[in-house]
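What follows is a set of notes on a single structure, which appears directly below.
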Amino acid sequence: MTRRVGVIDIGKTNAKFAVVDLATRTEIAVRTLPNRVLTTGPYPHFDIAAIWDFLCTAIAELAAQTGLEALSITTHGASGALVDEAGALVLPVLDYEFAGPDTLAAEYEAVRPKFSSSFSPRLPGGLNLAAQFFWQARKFPQAFARARWLLPYPQYWAMRLTGVAASELTSLGCHTDLWDFARQDFSGLVDTEGWREKFAPVRRAAEVLGPVRPELADRLGLAPGTPVLCGIHDSNASLYPHILSRTPPFAVVSTGTWVIVCAPDGDMGALDARRDSLANIDALGRPVPSARFMGGREYSQIAGERPVVPDAVAVRHVLDETIMLLPTLTPGTGPFPDRVGGWRNGEPHEPGARQAALAFYLALMTATSLELAGAVGEIVVEGPFARNGLYLDMLGVATGRPVVASLASATGTSIGAALLAQGADGAVAEGSQRPAITDPAWADYARAWANAVTA
């Protein structure tokens, strides 16, 4: 049985290589690198060369220390690579926050599929992957024509490791406009634009794409034939341990740069294209109603470099004075994309009060996203916000449902990606349920916030 899996885990903020021990479902070694955006060249893009050099060094170092039996890959969504037959980039990998694709918004809107088939809301910049490809095809037609493959981001790294081109469902189905959920096939946009032949065969995330290329295996200190899994979108990697170990209905809140709500067995009919709710496809190929907002980015924006833990006095002050942070702090995203964010009833200068109001804001935004995803049942929170007691408590108050903090390392993107090497055997549900808050001031605050954002 495979025990130690090396995971390439590329988030928007950091690139990581982790060694996961499947017997204990823990990361036993980790290396990280800030994920820089370069502003040279034709448009803002990720520093692929730096990431690759980092990965090669980290894999070689940790393979020697731990022994690796397989490699898996997980990355953020909304990115793709245009490569030639050999896998070399013909254009840089565009930063999805770049606004360039918006310059062709009218033309793109005329050809993109309806929400009822793609379950992709129209998002700004390059957050719809097809909008990136559409813009690149028109701004750089010669380079685009040289592209043999349009690869989802995890599968780009898989091709660098194996030489094998593939597409994969979790990455095709995450707000890309590239997939038709009803037909379980590429969307009409793909055929309209003549891109179908540029997409490699669709594989499941847990499929072995191939062995590491022999010359690369030697460089990385890996055994000949070390298998490489096809790879998975990061939100679905976080979801994967839970769908293996929990019985729906439940919801998973994955927190990082984005707060992403996934609701297996949720109500697809509740999704609203105008409010950053959408459907994903899980690692087993099933649609998952989802919603999101840029909570981690907003947390950093308000909390600053030295966040404090609010004391009871600060929390009571925020509750009694109904000091609220209102959306949206990242324009064009989340459940209130058109609102202008700011403070209500005065901006607190005391750090503890600011932190308490920020935790409440994030919890109430999460509760709204859960509602949009049609979520019911237990709520599992993982990532940094699982350690924020005020966030967890207000989330429980606002939803009226049990909230479980997943603090152990048996979940998360790297663990989920590693579990692809093991499949459905033995994943364990973990976490501690928060006690319910009985102080009525909390529920009053949640109602006041909801009234303020809908006024």
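Worth pointing out:
- Acute angle (nearest 10 degrees) that the helix 48-66 long axis makes with the longest principal axis of the chain, alpha-carbon atoms: 90 degrees
- Separation of alpha-carbon centers, the stretch 40-95 and the stretch 296-366, rounded to whole Å: 35 Å
- Distance-filtered residues of the stretch 336-358 - backbone nitrogen under 20 Å, label point 7 angstrom along R316 Cα→Cβ: 348-358
- The value of relative contact order for the stretch 341-395, using C-alpha pairs under 8 Å at least six residues apart, is 46 percent.
- Most to least packed among 62-72, 136-146 [average Cβ atoms within 10 Å]: 62-72, 136-146
- Neighbour-count order for H76, H317, H233, fewest beta carbons within 10 angstrom listed first: H317, H76, H233
- Note on K139: lysines with a C-alpha under 30 Å away, same-chain residues under 8 apart excluded, are K12, K114, K198.
- Share of pairwise Cα-Cα distances greater than 30 Å in the chain is 43 percent (whole percent).
- Angle between the chain longest axis and helix 153-162 axis [Cα atoms, degrees, rounded to 10]: 30 degrees
- Only Cα pairs under 8 Å and 6+ residues apart enter the sum, and on that basis the relative contact order of the stretch 297-403 stands at 25 percent.
- Separation in nanometres of the label points that stand 7 Å from Cα toward Cβ, at D272 and T57: 4.7 nm
- Sequence-separation-based contact order of the chain, relative, with Cα cut under 8 Å and 6+ spacing, percent: 16 percent
- Compared with the alpha-carbon gap, the fully stretched path from V308 to A145 is longer by 53.5 nm at 0.36 nm per residue.
- Note, ³J(HN,Hα) from phi for the stretch 222-238, Karplus 6.51, -1.76, 1.60, rounded to Hz, x at Gly and Pro: 9, 5, x, x, 4, x, 10, 6, 4, x, 8, 5, 5, 4, 6, 5, 5
- Sites R138 and V30 - FRET efficiency at Förster radius 25 Å, r taken between beta-carbons, to 0.05: 0.05
- Ranked by how many other beta carbons lie within 10 Å on average, peptides 301-312, 348-359 from highest: 348-359, 301-312
- Calculated FRET value between T454 and A86, using beta carbons and R₀ = 41 Å, to 0.05: 0.15
- For the chain, the longest principal axis of the C-alpha atoms and the axis of helix 312-321 are separated by about 70°.
- If R0 is taken as 35 Å, the Cβ-Cβ distance between T39 and D191 corresponds to a FRET efficiency of 0.50.
- Considering only the chain, percent of DSSP beta bridges that pair antiparallel, nearest 5: 70 percent
- Residues F385, F186 in ascending order of nearby Cβ atoms (within 10 Å, fewest first): F186, F385.
- Spin-label pair N345/E97, simplified geometry with 7 Å Cα→Cβ offset, distance in nm: 3.2 nm
- Spin-label model, R213/D338: points 7 Å from Cα along the beta carbon direction are separated by 5.0 nm.
- Packing-based order for 151-164, 211-224, 265-278, using average beta carbon neighbours within 10 Å, highest first: 151-164, 265-278, 211-224
Each reported figure results from applying straightforward, stated rules to the coordinates on display, with no laboratory input. Treat the numbers as computed from the prediction; the structure is a model and nothing was measured. Cβ: placed from backbone, ideal geometry, glycine included. Neighbour counts: every protein chain shown.
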